[in-house]
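The values are calculated or read from the model by the stated rules, or taken from the named source; none is laboratory data. Note that the structure is predicted; figures quoted are calculated from it, not measured. All Cβ positions, glycine included, derive from the backbone under ideal geometry; neighbour counts span all protein chains shown.
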Amino acid sequence: MHVRGFWGYIDLVLCHFFRDLSFFMRSVLKATFTHLSKPALLLGGVGAFCAFLGCDSGYSESPQAEAPPSRSVAYQGRPTVGSLAPNFRLMDLHGKAVSLSDYRGKVILLNFWATWCGPCRVEMPAMEALYRSMQSKGLEILAVSVDQEGTAVTRPFQEALGLSFPILHDQDYQVGLTYGARTLPMTFAIDRQGIIRQLVFGSRDWNSPEARRGIAEVLQEPIQEPSQRM
C-alpha cells in the first residue's frame, strides 16, 4: 500500500477506535453512576460525546477567516482556499466513472464523508435540502465516501436518507489524501472556475440562511474564461 494511503487508513482506524471507546465509556458511566442526578448524567454524556466529535467539530477556512493554528487537520501540501481544486476520477453508485472536471462551470460542494461518521449523517439532510433548492441554479454536490466497503454500505445509506446528489467512492483513500481530508466530514466549496473558495471542517447546517447566502453569492458570480481550468 502507498505510504500516504497507509497513514490515511491509520487515521480512519483511530476515529473508529475513539468512537467505540466513547460509547463504551458512556455505558460504564451510566451503569456505575445511576444514583447521580439527571443533570449530572447529562453533563457527563455531553462531555463524552464532545470528546468523540473532537476531530469533527465544524469550522471553516476562507480568505476572511483562517483555521486555528493549534489544529492540524491535514497533511502538508493539501489544496487551500484560493487554489485550483485537483481533478480526480471516481466511480459512482451505478459503476460510472465521474470526474470533477465533468462539472466545470458549476459551483460544487465536494464533501468527504463515511457511513460510520455521526456528524456526516447529521449534516446530510440539510445538504440534500440545499441541493434540491439550488441545483437548478448551477449547484452540484459530490459526496465522496471513504468507506472501504463501497456500495455495500453507501447504497443503503443513500436510500435510507433519500439522497439525490451523486455519491462517489474513494475506497483506497487516495483522493481524500490528495485533498488532505484527515477529518470527517470535510467540505470544499469550489466556484465555477474550479477555485476553492471555502473549506469547512466538520458538519454544518447547509440549509441555514448563512450557508445558503454564501452559496448563492458564488452562484451569482459570472462565468469567466480563465486560461487555466480544472
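Structure data summary
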read-out: Checking Gly95 against (1) of a type in the set (Gly, Ala, Ser); (2) touching a helix residue (DSSP H, G or I) at 6+ places or on another chain (Cβ under 9 Å); (3) in a helix (DSSP H, G or I), the condition it does not meet; value: (3)
read-out: Scope the range 181-227; condition touching a Cys at 6+ places or on another chain (Cβ under 8 Å) and among the hydroxyl-bearing types (Ser, Thr, Tyr); matching residues; value: Thr183, Ser203
read-out: Out of Gly95, Gly138, sole residue that is surrounded by 15 or more Cβ atoms within 10 Å (Cβ to Cβ) and assigned by TED's automatic domain parsing to the domain that holds Trp206; value: Gly138
read-out: Gln148 being assigned to a loop (DSSP other than H, G, I, E, B) and touching a Gly at 6+ places or on another chain (Cβ under 6 Å); value: no
